[in-house]
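Peer 1: Have a look at this one.
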Amino acid sequence: MTKFQIILTTVFAIFILVGVIIFATSGSGDPASAVGDVVIWGTVDQTIMDGVIGNLASLDESFKKVSYEEKEKDDFDLVLVEAIASGAGPDIFLLPQSEILDKQNKIFPIPYANFSIRDFKDYFIEEGELYLTEDGILALPFIVDPLVMYWNRGLFASASVAKPPTVWDDFFVLSTKLTKKDDYKNISISAISFGEVANVENAKEILATLIMQSGNPIFFRENGEVKVSLRDSYDSKTTPTESVLRFYTEFSNPIKETYSWNKAMANSKTAFLAGDLAIYFGFASELDDLKMKNPNLNFDVSYVPQTENLKNNVTFGEMQALAISKGCQNIAGAFNVVTNLIKNESLAYLSSLTNLPPVSRGLLMLGSVNPYQDIFYKSALSAKGFLDPDEEETNLIFQDMVESVVSGRRKLDQAVSWANSELEELIK
């Protein structure tokens with residue numbers, strides 16, 4: 001254990017001990033004093049968080065002074081930074097996996113003496129390990145939203161295709177069966193919206209899934225430093241990222257039989273809702289929106305396809321976790337809140353409100369009788385993410401990497417090398 005970890009653990013323990021002593025010696029008889037006033041900030045819907053906190057308070061009055069404030073996503077970063085700097089910040093805030101690097105210096109990490117790595121790995125799905133550092137746990141996983149595959153059953157039936165694809169190689173045949181185009185190569189029905197980024201919803205997450213399936217984490221921690229692995233070859237003749245890029249851009253090449261998408265087409269989600277796209281890669285949270293926007297759309301959901309012979313399934317997951325703010329004045333109460341919000345009872349209630357799978361391995365093992373939830377549960381177990389240094393900037397880098405290959409500006413290896421260098425600059 002490092003000197004910093006010893007100090008951190010000692011400080012954390014003192015705060016908790018002080019909280020216990022105050023509660024034990026107070027004569028108020030108010031059970032809420034065990035936790036006290038704890039404020040949580042985040043971009044999750046107010047109604048959902050009020051419901052989860054209210055349910056927790058109904059089971060234990062100690063949590064009746066816990067409150068949540070929903071913030072706008074666009075200005076949340078600025079509001080949070082200014083509030084912490086002025087001493088008016090929240091005790092806890094919801095931390096997306098895409099904001100880990102940006103906000104890790106605004107967090108009071110939970111020492112492993114208070115929550116061991118073994119307990120963490122046994123309890124949470126694997127993606128949660130993004131929040132583990134040498135100095136402790138940055139945040140406790142709370143919500144996961146896995147990427148899944150929505151497919152149009154009507155279009156599949158019309159093409160005499162009985163089942164959705166399970167491996168990526170299936171798309172080479174599927175694209176010729178499902179895509180409809182005239183003699184001038186004008187596409188009326190598309191099998192898959194690969195090959196572009198600007199009009200492909202969740203394009204970066206799709207590319208990240210393909211890259212991570214190849215065994216490349218994109219970013220990784222080594223000796224306390226974050227490094228980029230996009231152009232790592234792993235003893236192969238070509239990098240896994242080059243292979244992914246070759247596959248992804250195949251479907252926007254008009255001279256290929258697999259041609260099924262171009263940059264002039266509508267947004268992929270819009271096309272799917274209109275019945276003009278056979279397969280749409282979206283998040284589990286998009287299910288209700290798809291149903292609402294087109295109640296007559298005959299679609300189903302399945303797992304994201306995997307690479308042939310892949311031993312471990314991988315899909316992208318958007319995660320939110322509970323972090324204790326560095327400006328927190330009630331460490332004991334905040335720790336009490338986060339450790340109770342991630343208990344199975346709270347996570348199960350949260351799942352019932354969001355229709356998303358829980359982050360708890362124990363709850364996921366119970367499964368679900370709901371056909372959609374069954375897919376979401378199993379997808380959550382294989383969900384992964386990466387340490388994104390700047391969500392907007394990496395979106396642009398991934399887009400340029402793809403577009404430079406499609407336009408012929410760069411060869412595959414050049415595009416990957418360029419993107420890797422740009423990501424390294426972001427880390428710096």
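FYI, it's all coordinate maths here, none of it is from the lab. This is a predicted model, so every value here is computed, not measured. A quick note on method: Cβ atoms are made from the backbone with ideal geometry, for glycine too, and the neighbour counts reach across all protein chains shown.
Peer 1: Consider all pairwise Cα distances in the range 108-193 and report the whole-number % of them above 21 Å. Let's see the in-between values first.
Peer 2: On the way: 2006 of 3655 pairs.
Tail of P(r) above 21 Å: 55 percent of Cα pairs.
Peer 1: Pairing the Cα long axis of helix 3-25 with the longest principal axis of the chain, what angle in degrees results, from 0 to 90 and rounded to the nearest 10?
Peer 2: Helix 3-25 and the main axis of the chain meet at about 60 degrees.
Peer 1: Between helix 371-381 and the chain, what is the angle of the helix's C-alpha long axis to the longest principal axis, kept within 0 to 90° and rounded to the nearest 10?
Peer 2: Roughly 70 degrees between the two axes.
Peer 1: Among Y280, Y234, Y377, determine the one that fluctuates most according to a GNM of the chain built with springs between C-alpha atoms less than 10 Å apart.
Peer 2: Sorting by GNM fluctuation, first place goes to Y234.
Peer 1: Another one. Report the charge-dipole magnitude of the chain in Debye, nearest 20, computed about the Cα centre from +1 at each Lys and Arg Cβ and -1 at each Asp and Glu Cβ.
Peer 2: Roughly 960 debye for the chain.
Peer 1: May I ask which of K237/K428; K263/K411; K291/K311; K163/K311; K163/K411; K269/K428 have a Cα-Cα span longer than 27 Å here? Could you put the intermediate results ahead of the total?
Peer 2: On the way: K237/K428 29 Å; K263/K411 19 Å; K291/K311 33 Å; K163/K311 22 Å; K163/K411 35 Å; K269/K428 35 Å.
Result: K237/K428; K291/K311; K163/K411; K269/K428 exceed 27 Å.
Peer 1: Which is the longest part of the chain that has none of the GluC sites (Glu not before Pro) sitting in a DSSP loop with at most 16 other Cβ atoms within 10 Å?
Peer 2: Working: sites that count: E72, E134, E257, E308.
Longest site-free region, per DSSP loop and neighbour criteria: 135-256.
Peer 1: So what's the gap between the Cα centers of the range 108-158 and the range 208-278, to the nearest angstrom?
Peer 2: Measuring centre to centre over Cα atoms gives 22 Å.
Peer 1: Under a 5 Å amide H to amide H cut-off, with H placed in plane at 1.01 Å, what residues pair with F299 once short-range neighbours are removed?
Peer 2: R153
Peer 1: What are the residues whose amide H is under 5 Å from the amide H of L95, where those residues sit 5 or more places off or on another chain and H is modelled from the backbone?
Peer 2: Here A321, L322, A323 satisfy the definition.
Peer 1: Which of F281, F115, F194 ends up with the largest GNM mean-square fluctuation for the chain, with Cα atoms connected below 10 Å?
Peer 2: Sorting by GNM fluctuation, first place goes to F115.
Peer 1: In what order do M401, M365 fall by count of nearby beta-carbon atoms within 10 Å, going from fewest to most? Display every interim value, and only then the final one.
Peer 2: Working: M401 28, M365 9.
So the residues, fewest neighbours to most, are M365, M401.
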